[in-house]
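One structure is given here, and the rest of the page talks about it.
The values are calculated or read from the model by the stated rules, or taken from the named source; none is laboratory data. Quick caveat: nothing in here was measured; it's all calculated off a predicted structure. All Cβ positions, glycine included, derive from the backbone under ideal geometry; neighbour counts span all protein chains shown.
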Amino acid sequence: MSDHSVKPPPPPLRPLPNLIFASRWLQLPLYLGLIAAQAVYVLHFLVELWHLIEAAFGSQTALQALITSIGYKTATPIVTLNETVIMLVVLALIDVVMISNLLIMVIVGGYETFVSRMYLEGHRDQPEWLSHVNASVLKVKLATAIIGISSIHLLKTFINADNYTDRVLIAQTVIHITFLLSAIAIAYTDKIMSGIASSSGKH
C-alpha cells in the first residue's frame, strides 16, 4: 500500500477573490495589441529591406526613401548607395529586430508570468529563457534588451553625427549611461533579493 496520499483538490475561490483573480484577463487585449505592433514592425522591416535591395540595383526613388528614413543629410546630394547609408540602414534593421525581440519577451514572458500558463514544457520550440522566467528575471532581461536597443540608436547617431548638435549627442550618451546604470542596479537588487530568499528558505 502506498504511503503517498492523493492531495484533495483546492477549495473553490470565494466570489470576490475569484473576481479579482480573473481580472488578470483584462491584460489580454494589451498583449494582443503588442502582437499587432509586432506585425507593423515586420511590415516596416520588409519595406526598408526592399528599398535597400532596390537602391543597390540603382533605384533613385528607393535611395531617397532610405535617406529620408534614416535622416541622413550631406552638403552634396547622394546619387548612389554608399557605405555610410548602407551601415545606417542595416543598423535601423537591426534596431527593428531587437525591438521585435523585446516585444516577444514582453508578450510571451508577460502572459506566462501575469496572465496564464501556456504549458510549453517539453515543446521543441520553447525559448530557453522561458523555462525559468519570473517577474524579476523578466525585468532584468527587458532592461538588458533596452540597453541593446539604446546602443544601436547611439551608434546610428554617432555615424550620422554631422546631422546632430552636440547637445543631442551628449543627451543620448547620458541617457544610454542612465539605462546601463539602471540595468546594473536592477540586476544587483535582484541578486540581493534572491540571496535573502535563499537564506530564508534554509531556516
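Key figures for this structure:
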quantity: Which listed residue, of L28, L13, L102, is exposed (fewer than 15 other Cβ atoms within 10 Å of the Cβ) and modelled with pLDDT of 85 or more; calculated: L28
quantity: Close pairs from region 122-146: first modelled with pLDDT of 75 or more, partner among the acidic types (D, E), Cβ under 6 Å, at least 6 apart; calculated: V140/D190
quantity: Breaking point among (1) under 17 Å from the mean Cα position of the chain (by Cα); (2) surrounded by 15 or more Cβ atoms within 10 Å (Cβ to Cβ), for L63; calculated: (1)
quantity: Residue match in region 18-39 (condition: over 33 Å from the mean Cα position of the chain (by Cα) and among the basic types (K, R)); calculated: no
quantity: Test result for F57, more than 24 Å from S151 (Cα to Cα), among the aromatic types (F, W, Y) and over 20 Å from the mean Cα position of the chain (by Cα); calculated: yes
quantity: Residue that is nearest to K156 (Cα to Cα) [pool: residues in region 170-192 that are out of contact with any helix residue (DSSP H, G or I) (no Cβ under 8 Å at 6 or more places or on another chain) and among the β-branched types (V, I, T)]; calculated: I170
quantity: Number of the exception - W50 against (1) surrounded by 10 or more Cβ atoms within 10 Å (Cβ to Cβ); (2) over 27 Å from I86 (Cβ atoms); (3) at pLDDT 85 or above; (4) of a type in the set (A, V, I, L, M, F, W, C); calculated: (2)
quantity: Hits in region 67-78 - residues which are crowded, with 18+ Cβ neighbours inside 10 Å, of a type in the set (A, V, I, L, M) and over 24 Å from the mean Cα position of the chain (by Cα); calculated: I67
quantity: Condition met for L91 (modelled with pLDDT of 85 or more, within 25 Å of the chain's Cα centre (by Cα) and of a type in the set (A, V, I, L, M, F, W, C)); calculated: yes
quantity: Answer from L138, L120, L102, L81 - the residue that is over 20 Å from the mean Cα position of the chain (by Cα) and closer than 27 Å to L30 by Cα; calculated: L120
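Conditions (1) over 30 Å from Q27 (Cβ atoms); (2) modelled with pLDDT of 85 or more, marked per residue:
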position	(1), (2)
D95	no, yes
I107	no, yes
V168	yes, yes
K191	no, no
S194	no, no
